[in-house]
Amino acid sequence: MKRSVARKTVTLLLAGCVAFGSTFAAYDLPRAEAGLFDIGDILQAGINIAQARNTVKKQLDVLDKTADGQQYIFERTQSQTGVYDDPYLNERLDGIMANMTAAIGQVDKTVYDLPYAYYVSSFDYFNAACGMGHVMYVNKGAFDFVANDDELAVVLGHEMGHGQAHHVAKL
């Protein structure tokens, strides 16, 4: 569900850039005269869309693949979800993440390129999510719904799969 919201947000952002961006401010959109469009106008519109897409992709790459982008996403996500600072839950999460990172690292060394930034959020219900920049949070409520840390590791492994594939940032 989180990926769907992010994808819709990026799509709307891109559509807004194309529809209302300064690129089109000085550009007359093609008009249908006798049912025909000028091919030059159509090609120019396609170039403008490609340029907008490339600009958005570069910005997403910074957020998703750099330490600065990760820090920005991490702080923003924490401000949105709140942080539940419980030493016991943080220690459990540290252990799970260390084990999962080592396991993934055996088959995908890129897991070490931008190590996951994670924390326990203050929500009481069961959920975990991985966003851009390998930023993950686990709701404190998730710890109450599992019989052991291995069960939670399955959920976090799923989320790390999204992170490794950069699902949130893909256009």
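The values are calculated or read from the model by the stated rules, or taken from the named source; none is laboratory data. For clarity, every value in this text was computed on a predicted model and none was experimentally measured. In this analysis, Cβ positions are derived from the backbone assuming ideal geometry, glycine residues included, and neighbour counts consider all displayed protein chains. Calculation scope for accessible area: heavy atoms of the full protein, side chains included, ligands and nucleic acids excluded. Shrake-Rupley method; radii C 1.70, N 1.55, O 1.52, S 1.80 Å.
Details
- Criterion violated by Leu114 - all others in (1) more than 17 Å from the chain's Cα centre (by Cα); (2) assigned to a loop (DSSP other than H, G, I, E, B) satisfied: (1)
- The residues of region 62-80 that are under 11 Å from the mean Cα position of the chain (by Cα) and open to solvent by 50 Å² or more (accessible area, probe 1.4 Å) amount to a single one, Lys65.
- Close contacts from region 95-114, counting a first residue that is over 16 Å from Val154 (Cβ atoms) and charged (D, E, K, R) and a second that is open to solvent by 30 Å² or more (accessible area, probe 1.4 Å) and not in a loop (DSSP other than H, G, I, E, B), with Cβ to Cβ under 7 Å and a gap of 6+ residues or different chains, come to Asp108/Gln164.
Yes/no matrix, rows are residues, columns are (1) within 27 Å of Asn54 (Cα to Cα); (2) open to solvent by 40 Å² or more (accessible area, probe 1.4 Å); (3) in a helix (DSSP H, G or I):
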position: Asp94; (1), (2), (3): no, yes, yes
position: Val107; (1), (2), (3): no, yes, no
position: Val120; (1), (2), (3): no, no, no
position: Tyr137; (1), (2), (3): no, no, no
position: Val146; (1), (2), (3): no, no, no
position: Val154; (1), (2), (3): no, yes, yes
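- Test: residue in region 121-142 that is among the aliphatic types (A, V, I, L, M), more than 20 Å from Gly163 (Cα to Cα) and either free of Cβ contacts under 8 Å to residues at least 40 places away in the same chain or out of contact with any Pro (no Cβ under 6 Å at 6 or more places or on another chain) (or both): no
- Pair list, Cβ < 9 Å and 6+ apart or interchain, from region 75-88 residues that are closer than 15 Å to Val138 by Cβ and of a type in the set (D, E, K, R) to residues that are open to solvent by less than 80 Å² (accessible area, probe 1.4 Å) and assigned to a strand (DSSP E or B): Asp85/Tyr119; Asp85/Val120; Asp86/Val120
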